[in-house]
Amino acid sequence: MSQRMVTSKNKPTKYWIVLLVLPVIWLLFNAGIVTAESAKHYTDLEFAPPPEIVLPPFERFELENGMVVYLMEDRELPLVSGTALIRTGDRWEPGNQTGLGQILGQVLRTGGTTLHSPNELNELLERRAASVETSIDTTSASASFSALSQDLNEVFGLFAEVIRTPAFAPEQIELAKSQQSGAIARRNDSPSAIASREFQKLIYGENSPYARTIEYETLSNISRSDVVQFYQRYFHPNNMILGIVGDFEKAEMRRLIEQKLGDWKPGPTISKNIAELSPTAQAQQGGVFFVERPQLTQSTIQIGHLGGELNSPDYPALSVLNGVLNGFGGRLFNQVRSREGLAYSVYGVWSPRYDYPGMFIAGGQTRSEATVPFIQSVFREIERIRTEPITAEELQYAKDTTLNSFIFNFADPSQTLSRLMRYEYYGYPEDFIFQYRRGVENTTIEDVQRVAQKYLNPNQLVTLVVGNPMEINPPLSSLTPDNQVTSIDVTIPEPSRS
């Protein structure tokens, strides 16, 4: 029986029909999928209810010497990390020794200990892929460690050495001062850095501990004995909160802490060493200020005034106000950037602090010729949120984004522990973050308008521009009734030749 070979020439008509119809069906099917999965506008996005957050179990106790300790087990990885918060900060350094706190924070670790030189300490930690780090910022000092759980005893011993018996090697202090000198020389390289630094001076005052800057002269006033005295004033167990999280047994960890830190004598005068904070007042009451940088092709702008603290009962409503103004879908982004095309970036944020007033700060970057229209547009949006109620959609969107970002405060146990420690450090209630969440949930349209009218004060807004005066047109003087613009000289004072 013979078989006929099937070729493209002798295939039946039915074959060709199927061959043509199948691609059409495939296209129609996928077109439906593409339509269903096309990107939504941000206003059409729906957020699932944020999950309930439960604090991991933790233990808090005090050593006999007054050190407060938090322990939180986390067995997910064979790692242990810890942080000690020390009640100090560079706001308590003498004004003529600005930079003392930062040098102490660096050399506390890099200067070695009385038992191990800086190089020995580095080698011991590197051999175990571990770390011990120290720093001092405006309101606190911190010392931290991280290690594999199998190396916990050795690394925690080195951590205890660093905070108890630092050597402050003289050559490391000189190295730290040299690095700070290099930072002074480079501090005008970035327009954003200039704007941030000078704006803080305008708000807090140039001699305020929240705005003063390190100069060659203040560095030259710092000696090794000053560093040692600053350390001795604040680094005592009864002025410290220690938190440890990771792969350990609580009982064993407690014994290790007692062994390494339990015999550390408390500071008898520690309460007298913590000076009362002076009231903070706004230095400049409005006005336009300018830093001339003729090489720039765009302007960096900051607008704002003195703000508040986190413990304000209006902080949740102010957070919702932030959500209305900022981000994709925020008023500033939509109006100033998208509709008017006046900005590369734009923001306006109520930014509080734990125990001193923060700032309300708006700003962004724009091309030079758009500088004045940008500032005017930001002012209009500030005035609009004060005078016009936000919509129900804006309220819901701002609350949803705020509450959905809330869960990232608890992404891992170390973040949760850090938050608990900071609340105790600043005297906040343990459940502060949950009070804040309930406050956001209960915020109304009327609340947002009330806090906008109460806390955003256009008459107090200070405007600072860093840019090229030849390219800014209309000029900045057109922003003020008296055409007054105050120039700021950012020339770096030369070091003394003594």
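The values are calculated or read from the model by the stated rules, or taken from the named source; none is laboratory data. Note that the structure is predicted; figures quoted are calculated from it, not measured. So basically every Cβ, Gly included, is an ideal-geometry build from the backbone, and we count neighbours across all protein chains shown. Accessible surface is based on the protein model in full, side chains and every heavy atom, while ligands, DNA and RNA are left aside. Shrake-Rupley method; radii C 1.70, N 1.55, O 1.52, S 1.80 Å.
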(message) Just to verify a result, which residue in region 169-196, among those that are under 12 Å from VAL466 (Cα atoms) and touching a residue at least 60 places away in the same chain (Cβ under 8 Å), is surrounded by the most Cβ atoms within 10 Å (Cβ to Cβ)?
(response) ALA195
(request) Inspect region 330-337 for any residue being at pLDDT 95 or above, within 14 Å of ALA195 (Cβ to Cβ) and either aliphatic (A, V, I, L, M) or more than 26 Å from the chain's Cα centre (by Cα) (or both) and give the result as yes or no. (result) no
(request) Being of a type in the set (D, E, K, R) and closer than 25 Å to ALA283 by Cα is the filter; apply it to region 303-337 and report the residue that is most open to solvent (accessible area, probe 1.4 Å). (result) GLU309
(request) Please specify each residue of region 250-274 satisfying the condition of being over 28 Å from ASP74 (Cα atoms), open to solvent by 50 Å² or more (accessible area, probe 1.4 Å), in a loop (DSSP other than H, G, I, E, B) and not polar (S, T, N, Q). (result) LYS265, PRO266, PRO268
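Please determine, by comparing only the residues of region 83-136 that are assigned to a loop (DSSP other than H, G, I, E, B) and of a type in the set (A, V, I, L, M), which one is surrounded by the most Cβ atoms within 10 Å (Cβ to Cβ). Steps first, answer last, please.
Within region 83-136, the first condition is being assigned to a loop (DSSP other than H, G, I, E, B), and the residues that meet it are 87-89, 93-94, 98-99, 111-112, 114-117, 128-130.
Subsequent filtering for residues that are of a type in the set (A, V, I, L, M) retains 115, 129-130.
Numbers: LEU115: 12, ALA129: 11, ALA130: 22.
It comes out as ALA130.
What about GLY205, is it under 30 Å from LEU148 (Cα atoms), of a type outside the set (Asp, Glu) and either open to solvent by 10 Å² or more (accessible area, probe 1.4 Å) or touching an Asp or Glu at 6+ places or on another chain (Cβ under 8 Å) (or both)?
Working: under 30 Å from LEU148 (Cα atoms): no; of a type outside the set (Asp, Glu): yes; either open to solvent by 10 Å² or more (accessible area, probe 1.4 Å) or touching an Asp or Glu at 6+ places or on another chain (Cβ under 8 Å) (or both): yes.
When the stated conditions are applied, GLY205 does not pass them.
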(request) Identify, by number, the condition in (1) in contact with a Pro (Cβ under 9 Å, 6 or more places away or on another chain); (2) in a loop (DSSP other than H, G, I, E, B) that PHE290 doesn't meet. (result) (2)
(message) Restricting to region 35-65, and then to whatever is modelled with pLDDT of 95 or more and surrounded by fewer than 16 Cβ atoms within 10 Å (Cβ to Cβ), can you tell me which residue is nearest to LEU277 (Cα to Cα)?
(response) GLU62
(message) Considering only residues that are under 25 Å from the mean Cα position of the chain (by Cα), among the hydroxyl-bearing types (Ser, Thr, Tyr) and farther than 24 Å from TYR210 by Cβ, which ones fall in region 111-143?
(response) SER131
(request) Please enumerate the residues belonging to region 367-385 that are open to solvent by less than 50 Å² (accessible area, probe 1.4 Å) and either among the small types (Gly, Ala, Ser) or closer than 21 Å to LYS454 by Cβ (or both). (result) SER368, ALA370, SER377, VAL378, GLU381, ILE382, ILE385
(message) The conditions are (1) touching a Ser or Thr at 6+ places or on another chain (Cβ under 9 Å); (2) surrounded by fewer than 17 Cβ atoms within 10 Å (Cβ to Cβ), and ALA283 fails exactly one of them. Which is it?
(response) (2)
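Just to be sure, is PRO294 touching a helix residue (DSSP H, G or I) at 6+ places or on another chain (Cβ under 8 Å), open to solvent by 20 Å² or more (accessible area, probe 1.4 Å), of a type outside the set (Ser, Thr, Tyr) and over 30 Å from GLY358 (Cα atoms)? Lay out the reasoning, then the answer.
Numbers: touching a helix residue (DSSP H, G or I) at 6+ places or on another chain (Cβ under 8 Å): no; open to solvent by 20 Å² or more (accessible area, probe 1.4 Å): yes; of a type outside the set (Ser, Thr, Tyr): yes; over 30 Å from GLY358 (Cα atoms): yes.
No.
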(request) Being over 21 Å from the mean Cα position of the chain (by Cα) and of a type in the set (A, V, I, L, M, F, W, C) is the filter; apply it to region 338-361 and report the residue that is farthest from LEU403 (Cα to Cα). (result) LEU342
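Looking at THR401, is it among the β-branched types (Val, Ile, Thr), under 24 Å from GLU309 (Cβ atoms) and touching a Gly at 6+ places or on another chain (Cβ under 7 Å)? Please lay out each step first, then the result.
Details: among the β-branched types (Val, Ile, Thr): yes; under 24 Å from GLU309 (Cβ atoms): yes; touching a Gly at 6+ places or on another chain (Cβ under 7 Å): yes.
For THR401, the condition - among the β-branched types (Val, Ile, Thr), under 24 Å from GLU309 (Cβ atoms) and touching a Gly at 6+ places or on another chain (Cβ under 7 Å) - is met.
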(request) Consider only pairs whose beta carbons are under 9 Å apart and that are at least six residues apart or on different chains; among these, list those whose first residue lies in region 253-279 and is closer than 30 Å to ARG353 by Cα and touching a residue at least 40 places away in the same chain (Cβ under 8 Å) and whose second residue is among the acidic types (Asp, Glu) and part of a loop (DSSP other than H, G, I, E, B). (result) PRO266/GLU64; LEU277/ASP355
(request) Just need a number here: residues in region 208-226 that are touching a strand residue (DSSP E or B) at 6+ places or on another chain (Cβ under 9 Å) and either assigned to a helix (DSSP H, G or I) or at pLDDT below 95 (or both). (result) 0
